[in-house]
Amino acid sequence: MIEATALTKRYGDRTAVADLSFTVRPGVVTGFLGPNGAGKSTTMRMLLGLDAPTSGHATIGGRSYADHPAPLHEVGAMLEARAVHTGRTAYNHLLALAATTGISRRRVDEVIGLVGLGDVARKRAGGFSLGMGQRLGIASALLGDPATVILDEPVNGLDPEGIRWIRNLLKGLAAEGRTVFVSSHLMSEMALTAEQLIVVGRGRLIADISVEEFTHQA
Ligand code: ADP
Ligand code: ADP
């Protein structure tokens, strides 16, 4: 469970997130929907303690991560996808991350299979396409088998096959009882992926609504 309470973030006189309160329940995929610049990334960074709120607070699984990073086995996150600048193979990149947190090599193999990186795991991650980079980012997020998964725009730039794959992966994670919170600016995609929607615009909550209700109103 994720709980945001009156989260507010100002950058100078610009308000990125304004008095945002919501709950993300386990067991369903919750979409965080809004246009670019609506405050989704800023909100996710505040949930993860990577950005300090101007006011308000957030908890994940009842804990606040404002002062220390969430352990990989509690919260797995992928923030804005960017190329991994490494000469390492994808496999060794994950292995290094696993080693710092006591995660087994077996789990690395498992996660590589889960995200469909098997064919390229021995290739240099620095040379990956956007889609393969996303898969690697998601693999990193899932490495610790976390109860909560937070992904910022995971389908950005993916081809239809990659998008379908992520959709199924997210639904599977939720079906296992995890809390899955995923942002997108694409209503059509969220309607297919999520059951619950937190909709934001200009940093403010516009709707907290089931996809079913939302699509019947629209
Ligand atoms: P989204 O993820 O929905 O696209 P963001 O959270 O990235 O939105 O951005 C929300 C608003 O906050 C935007 O107007 C953006 O320009 C602004 N913003 C985000 N990060 C910073 C920053 N570090 N400094 C100044 N403004 C920022
Ligand atoms: P070790 O004796 O170090 O446990 P392994 O036989 O498991 O060695 O792996 C040797 C190297 O092969 C690893 O460092 C890694 O780079 C690579 N490797 C092992 N398993 C995989 C895999 N499933 N996918 C990609 N590379 C792998």
Open item on the list: Cβ-Cβ distance below 7 Å, separation of 6 or more or different chains: which pairs start in region 19-30 with a residue that is within 9 Å of E195 (Cβ to Cβ) and end on one that is at pLDDT 95 or above and part of a strand (DSSP E or B)?
Closed with: V28/Q196; V29/V180; V29/V182; T30/V24; T30/V180; T30/F181; T30/Q196; T30/I198
TODO: Could you tell me which numbered condition D159 fails, if it satisfies all but one of (1) more than 17 Å from the chain's Cα centre (by Cα); (2) without any contact (Cβ under 8 Å) to a residue 12 or more places away in the chain?
DONE: (2)
Task: Residues located in region 153-183, provided they are at pLDDT 95 or above, within 16 Å of ligand 1 (Cβ to nearest atom) and not aromatic (F, W, Y) - done: V182, S183
Task: Cβ pairs under 6 Å, 6+ apart, first in region 197-210 and of a type in the set (S, T, Y), second assigned to a strand (DSSP E or B) - done: S210/Q196
TODO: Look at G56 and say whether it is in contact with a strand residue (DSSP E or B) (Cβ under 7 Å, 6 or more places away or on another chain), in contact (Cβ under 8 Å) with a residue 24 or more places away in the chain and within 16 Å of ligand 2 (Cβ to nearest atom).
DONE: no
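Somewhere in region 157-165, is a residue within 16 Å of ligand 2 (Cβ to nearest atom), small (G, A, S) and closer than 28 Å to H85 by Cβ?
Step one: filter region 157-165 for residues within 16 Å of ligand 2 (Cβ to nearest atom), giving none.
Within region 157-165, not a single residue is within 16 Å of ligand 2 (Cβ to nearest atom), small (G, A, S) and closer than 28 Å to H85 by Cβ.
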- [ ] For Y65, indicate whether it is more than 14 Å from the chain's Cα centre (by Cα) and under 26 Å from T101 (Cα atoms).
- [x] yes
Task: Selection within region 133-165 - among the β-branched types (V, I, T) and closer than 24 Å to N92 by Cβ - done: I138, V149
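Just the residues that are within 16 Å of ligand 1 (Cβ to nearest atom) and modelled with pLDDT of 90 or more, please, taken from region 78-127. Quick ask: steps written out before the conclusion?
Taking region 78-127 and keeping what is within 16 Å of ligand 1 (Cβ to nearest atom), we get 78-82.
Residues satisfying the conditions are M78, L79.
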Open item on the list: Here is a list: H68, H73, H93, H85. Which entry is within 16 Å of ligand 2 (Cβ to nearest atom) and out of contact with any strand residue (DSSP E or B) (no Cβ under 6 Å at 6 or more places or on another chain)?
Closed with: H93
Task: Residues satisfying the stated conditions in region 48-97, i.e. hydroxyl-bearing (S, T, Y) and within 23 Å of V180 (Cα to Cα) - done: T59, S64, Y65
Task: Qualifying residues in region 200-214 (those that are closer than 20 Å to T5 by Cβ and among the hydrophobic types (A, V, I, L, M, F, W, C)) - the one nearest to ligand 2 (Cβ to nearest atom) - done: V200
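The values are calculated or read from the model by the stated rules, or taken from the named source; none is laboratory data. All figures in this text were calculated on a predicted structure; none of them were measured in a lab. Counting neighbours? That spans all protein chains shown, and the Cβs are built from the backbone with ideal geometry, glycine included.
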